[in-house]
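Trainee: If you scroll down you'll find the structure; I have some questions about it.
The values are calculated or read from the model by the stated rules, or taken from the named source; none is laboratory data. Predicted model only: the values in this text are computed from it and were never measured. As a convention, Cβ positions derive from the backbone with ideal geometry for all residues, glycine included, and neighbour counts pool all protein chains shown. These area figures cover heavy atoms from the full protein model, side chains too; ligands, DNA and RNA do not enter into them. Shrake-Rupley method; radii C 1.70, N 1.55, O 1.52, S 1.80 Å.
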Amino acid sequence: LVLKDVCDEVELISCKYYQPGSIFTDAINGTINCFKEALRKNVQYINYSSSGNSSSKNELEVLKELEKRNVTIAIATGNNNKNLVNKKGECKESFPSCYQLSNIYPVGALDRNGKRWKDSNYGNVKNIQWQPGERIYVMQPNNQYAVMSGTSMATANYTNFLLKKECLKKKMKQ
């Protein structure tokens, strides 16, 4: 996130929710615990770069609590080149994007030409946002960089946009 010279009061909190080799229940429980931690810390924005094809009653419950508190959540739609909406018009392919709460902003990836990136999931989903997600420079350990593509990169771009907007709004009030 590039907020230098825009906002002095941004705190980033990282919450690890997934271990390689985890089963679904471990991953979903980790996700729920991270969302609960966000509630405890009174965050305003969440960047969530994961998706799965199953819904969870407990996950939805905590997301509804975040919605009540007006927490904005940018969520990667996934990289399966799938339409998230089935023939009945239901979003079923990517959770938590498909919960379609008012505070959830699913993010799809754009390629270098501003068109949908070839692997980005898509569909007529509430609040869907589109951001650059192809060949993005990403920081790595030891001051290294890698070039990556996907909806996770697009989601970070959208979160950056939201934070800059919030910071500028605060500066205008000063």
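Trainee: Among (1) in contact with a strand residue (DSSP E or B) (Cβ under 7 Å, 6 or more places away or on another chain); (2) crowded, with 18+ Cβ neighbours inside 10 Å, which single condition is N79 missing?
Mentor: Condition not satisfied by N79: (1).
Trainee: Conditions first: (1) open to solvent by 40 Å² or more (accessible area, probe 1.4 Å); (2) more than 13 Å from the chain's Cα centre (by Cα). V125 passes all but one, so which condition is the exception?
Mentor: Exception for V125: condition (1).
Trainee: Additional query: How many of the residues in the range 40-62 are farther than 18 Å from T72 by Cβ and either out of contact with any Phe, Trp or Tyr (no Cβ under 8 Å at 6 or more places or on another chain) or hydroxyl-bearing (S, T, Y) (or both)?
Mentor: Going through the range 40-62 one residue at a time, the tally reaches 6.
Trainee: Here is a further query. For the structure I just gave you, tell me whether R112 is in contact with a strand residue (DSSP E or B) (Cβ under 6 Å, 6 or more places away or on another chain) and without any contact (Cβ under 8 Å) to a residue 40 or more places away in the chain.
Mentor: For R112, the condition - in contact with a strand residue (DSSP E or B) (Cβ under 6 Å, 6 or more places away or on another chain) and without any contact (Cβ under 8 Å) to a residue 40 or more places away in the chain - is not met.
Trainee: For residues that are part of a loop (DSSP other than H, G, I, E, B) and under 16 Å from the mean Cα position of the chain (by Cα), scanning just the range 56-76, find the one that is surrounded by the fewest Cβ atoms within 10 Å (Cβ to Cβ).
Mentor: N70
Trainee: To continue, here is another question. What do you reckon, is Q131 in contact with a helix residue (DSSP H, G or I) (Cβ under 8 Å, 6 or more places away or on another chain) and either without any contact (Cβ under 8 Å) to a residue 40 or more places away in the chain or of a type in the set (F, W, Y) (or both)?
Mentor: yes
Trainee: Right, something else. Among (1) at pLDDT 95 or above; (2) under 25 Å from I28 (Cβ atoms), where does W130 come up short?
Mentor: Going through (1) at pLDDT 95 or above; (2) under 25 Å from I28 (Cβ atoms) one by one, W130 breaks only (2).
Trainee: Read through the list (1) within 13 Å of L63 (Cβ to Cβ); (2) out of contact with any Asp or Glu (no Cβ under 7 Å at 6 or more places or on another chain), then give the number of the only condition that S102 fails.
Mentor: (2)
Trainee: Also, I was wondering about something else. Conditions: (1) closer than 21 Å to L162 by Cβ; (2) in a loop (DSSP other than H, G, I, E, B); (3) open to solvent by 60 Å² or more (accessible area, probe 1.4 Å). V43 meets all but one. Number of the miss?
Mentor: Result: V43 passes all but (3).
Trainee: For the range 92-107, enumerate the residues that are free of Cβ contacts under 8 Å to residues at least 40 places away in the same chain, out of contact with any Ser or Thr (no Cβ under 6 Å at 6 or more places or on another chain) and either charged (D, E, K, R) or surrounded by 20 or more Cβ atoms within 10 Å (Cβ to Cβ) (or both).
Mentor: K92
Trainee: Further question: Which ones in the range 143-174 are among the small types (G, A, S), open to solvent by less than 20 Å² (accessible area, probe 1.4 Å) and assigned to a helix (DSSP H, G or I)?
Mentor: A154
Trainee: Kindly evaluate S56 against the criterion of being small (G, A, S) and modelled with pLDDT under 90.
Mentor: Here the answer is no, as S56 does not meet what is asked.
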